[in-house]
1. Take the residues in segment 50-77 that are modelled with pLDDT of 90 or more and of a type in the set (Ser, Thr, Tyr); name whichever of them is farthest from ARG38 (Cα to Cα).
2. Let me confirm something: among LYS41, LYS2, LYS6, LYS47, which residue is loosely packed, with under 10 Cβ neighbours inside 10 Å and modelled with pLDDT of 85 or more?
3. Tell me which residues, restricted to segment 55-72, are open to solvent by less than 90 Å² (accessible area, probe 1.4 Å) and not in a loop (DSSP other than H, G, I, E, B).
4. Could you please give the count of residues in segment 12-30 that are open to solvent by 80 Å² or more (accessible area, probe 1.4 Å) and either modelled with pLDDT of 80 or more or of a type in the set (A, V, I, L, M) (or both)?
Amino acid sequence: DKEELKHQQQAWMPFGLGPRQCIGMRFALMEMKMVLARLLKKYTIEKCDETLVPLPINVNAITSPKDGVTVRLVGRN
């Protein structure tokens, strides 16, 4: 049934959909971009001895690294 399939596709909606969309979604996305920009302004991200190359990944609904990503943050002058 197409209606049932449509509902199942929208089963996980962290910020909602359509007119009932969370009003904080845009703010949360902007905050994360600002945090990342400030981090990259202060530090350079480099691989270290513990960084796995190639990176082992989990392929599920969301592709993600198996055990996280280990990197080194080097302060900028």
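1. Checked segment 50-77; the qualifying residue farthest from ARG38 (Cα to Cα) is THR51.
2. Within the list LYS41, LYS2, LYS6, LYS47, the selection yields LYS41.
3. Across segment 55-72, the qualifying residues are ILE57, ASN58, SER64, PRO65, VAL71.
4. 7
The values are calculated or read from the model by the stated rules, or taken from the named source; none is laboratory data. Values in this document were obtained by computation on a predicted structure and should not be read as measured data. Note that we place each Cβ from the backbone using ideal geometry, even for glycine, and neighbour counts take in every protein chain shown. Remember, those area values only see protein heavy atoms, side chains included, never the ligands or the DNA or RNA. Shrake-Rupley method; radii C 1.70, N 1.55, O 1.52, S 1.80 Å.
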